Each structure stands twice: as structure tokens, then as C-alpha cells.
1. Between a first residue in the stretch 290-319 that is of a type in the set (D, E, K, R) and a second residue that is surrounded by fewer than 19 Cβ atoms within 10 Å (Cβ to Cβ) and outside any loop (DSSP other than H, G, I, E, B), which pairs have beta carbons less than 8 Å apart while being 6 or more apart in sequence or on different chains?
2. When you scan the stretch 178-187, do you find a residue that is more than 25 Å from LEU120 (Cα to Cα), in a helix (DSSP H, G or I) and open to solvent by 10 Å² or more (accessible area, probe 1.4 Å), even just one?
3. Out of the stretch 225-243, which residues are of a type outside the set (A, V, I, L, M, F, W, C) and surrounded by fewer than 24 Cβ atoms within 10 Å (Cβ to Cβ)?
4. Can you find, within the stretch 134-156, the residue that is modelled with the highest pLDDT among those that are over 17 Å from ALA169 (Cβ atoms) and part of a strand (DSSP E or B)?
5. Could you check the stretch 287-337 and list, in sequence order, the residues that are polar (S, T, N, Q) and in contact with a Phe, Trp or Tyr (Cβ under 9 Å, 6 or more places away or on another chain)?
6. Would you tally the residues in the stretch 207-221 being at pLDDT 90 or above and open to solvent by 50 Å² or more (accessible area, probe 1.4 Å)?
7. Got a number for residues in the stretch 93-109 being touching a residue at least 12 places away in the same chain (Cβ under 8 Å), among the hydrophobic types (A, V, I, L, M, F, W, C), touching a helix residue (DSSP H, G or I) at 6+ places or on another chain (Cβ under 8 Å) and surrounded by fewer than 19 Cβ atoms within 10 Å (Cβ to Cβ)?
Amino acid sequence: MKPILISAAVALVVSILFTPYLIRVFSRQGFGQEIREEVQGQHAAKRGTPTMGGMAILVAMWCGYLVTHLVMGEPPTVTGLLVLGLTTALGIVGFLDDFIKIRKQRNLGLNKTAKLVGQLVASVVFAILAIQFPNRNDVTPASVDLSFLRDITVISFGAVGFVIFAYIAISGWSNAVNFTDGMDGLAGGTAAMVLATYVLIAFWQLRNDCFGAGPAPGCYTVRDPLDIAVVAAAAMAACVGFLWWNAAPAKIFMGDTGSLALGGLLAGLSMATRTELLMIIIGGVFVVEALSVVLQIVVFRTTRRRLFRMAPFHHHFELAGWAETTVIIRFWVLAGISCMFGVGLFYADWLALAR
């Protein structure tokens, strides 16, 4: 428990203190957000608000993680470094996207091809490395089996199939968080709840791993669960610290730098903890936001009509007359419900097997 608390405390302090520094620097440099034309009326006042604040989340995460290992005197694990590396790689893709938007003074940064290539490279490198590096118990950071509450051994992708699956999962989650990042604090608050859930999951896996003295029924075959919890705790605290400045009315936006990175982090955590399908439930708000975009496109292309007033889904309610803060808080409530339901399923599975 001590490493988790240290990681969260350090990341929280760094995020709270470093974010206002970025606000000042980005404001002086004119690194302001461009606003989509469709929502200019509701969000026109936000134009010029500093963006790329996801840098504060990334820096705080790394600080929390590295300081924890320095204090505890333990070297970083392969799993922790791989998940953080994936997060950082996608953060770099997001940074390039944000930087192009700022320089060209438009709401479109990297084109779709360039963004997908960046996600592809990050995903493939992560996937290949994640099924290497077995520990003394022959457990790798990720598994080639599909997982729900633990590995489903009858559904195995194989090495090549896992790389393809990892790309789909990582690009899907990074885009889902990116779609959700359209209102002050919406993505950051939702991500913090999902990450807090993964702190609990990884800690429970640590306390019930299959490699202790006399493993009990229902134990978990996961490599480095403590380090996974440390990473999740650092990211959670970094999001909370950033949310202090990103809450409505936001003084800074995380931008694609933060949203793509957090999406990649969630995908990495789900694979490292063998809970890939459970993540769909825990991150239900992100899933609904992504589905709303897909459905809007499909319906419009087939019928030339719009299913929602605007996609992603949160803008539909805003255009229906809901206040922005109302949309944000209600979506946070839904995120909390999704997380609690996910934890309930996870714990119920353990109870059923541990009897």
C-alpha cells in the first residue's frame, strides 16, 4: 500500500503545481485552443484558452512513478515501463496534433492517416514487447488470450492476432477518450474514476496472486500487479491535480496530448491486468461517447439525417438546453456507476471462485 500512496501523493502535488506554470507559459506563447464551428455559440469564450495541458499529467505520472521507486529502493518493472511508455508515445502523437492546430490556427491538427500511423506504431511496439519478458513464473506483461475478469484461455489470438487486437484496443480507447474531451473536466474527471478503479483491481490482484505461499482458488496470474497499481495511482492523482485547473471554467485544456495518452493508458492497464472486456463496462462513458460518433456517421451516410443533434454525445444534451456543468456532473455520475458496477463484477467473480 505504501508505494501506491507515495505515487499518488507525488503525482498530485506535481500536477497541481506544474499545471499553473504551463498555463502561464502557454498563455505567453499564445498556445490557445481553437473551437469547433458547430459549438462556437456555446464555447466561443473558450477560444484561446491554453491547451496541451496533458503534458502536466504525463510529467506528474512519471514523477510519481519514479519517485516511488527511488523511495522504495526497488527498480521499475517491465510492465510499469511498458504501460507508461505506451502512454507517453500516444501523448507525443497528441502533442503533434495540438501543436499543428495552434500553429495553423484551426481545430484540425494531424490528418487521420498521420494520427492512425502514430497510434499504429505505438500499439505494435507495445504489443510485441508486452508478450516478451516472462518473469520467473513465466508470466509476461500481457497475454495473447482475450480476457474479461481474467484470461479466457479458450479464446487465444496468438502472437500476430494479439498485435492486431492491441492496435484495435489502443486506438479505440485513445480515440474514445479524445471524443469525450469536449467539456471542462469531463474527460479528466471520468478518467480519474476509471483509474481509481484500476488501483483497486491491481491491488486486489496483488493480494490474491497465484505465486505466494499456497495460492488460493480464484488467484490471479498477473505480472507486476503492485507496479500496475502504482502507475494507475500516479495517473489518477495526476488527473485529479489537473482537474483543479481544468474544472469549469477551465483555465487550461488537456488537449489531444492528454486525451490520447489517457486512452492509451486505459488500454494498457486493461491488458496488463487481464481485464480487457471488463474495461468496456468500467469505461462505459467513453464507450458511449465513441459509439455516438460512429452511429452519427453511419446514420447520416445512409439516411442523410442526424441521429443526434451533435456528436460526441455530450454535445447532444448541450444543444438540447442542458447547462455545460449539468452535462459534466451527470456524466461523472454515470462514470461512477459504471466503475462501481465493474468493481462489483470483478469482486463477485473472485468470491465465486474463492469458495
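1. ARG305/VAL299; ARG306/VAL299; ARG306/PHE300; ARG309/HIS316; ARG309/LEU319; GLU318/VAL39; GLU318/GLN42
2. No: zero hits.
3. Correct list: PRO225 only.
4. VAL154
5. Hits for the stretch 287-337 are SER292, GLN296, THR326.
6. 2
7. Residues that pass the stated criteria total 1.
Residue by residue, here is whether (1) modelled with pLDDT of 95 or more; (2) over 19 Å from TYR220 (Cα atoms) holds:
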{"residue": "GLY263", "(1), (2)": "yes, yes"}
{"residue": "GLY268", "(1), (2)": "yes, no"}
{"residue": "LEU277", "(1), (2)": "yes, no"}
{"residue": "ILE281", "(1), (2)": "yes, yes"}
{"residue": "VAL298", "(1), (2)": "no, yes"}
{"residue": "THR303", "(1), (2)": "no, yes"}
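The values are calculated or read from the model by the stated rules, or taken from the named source; none is laboratory data. Computed from a predicted structure; not experimentally measured. FYI the Cβ positions are ideal-geometry reconstructions off the backbone, even for glycines, and counts take in every protein chain you see. Side chains included, ligands, DNA and RNA excluded: accessible areas come from the protein's heavy atoms. Shrake-Rupley method; radii C 1.70, N 1.55, O 1.52, S 1.80 Å.
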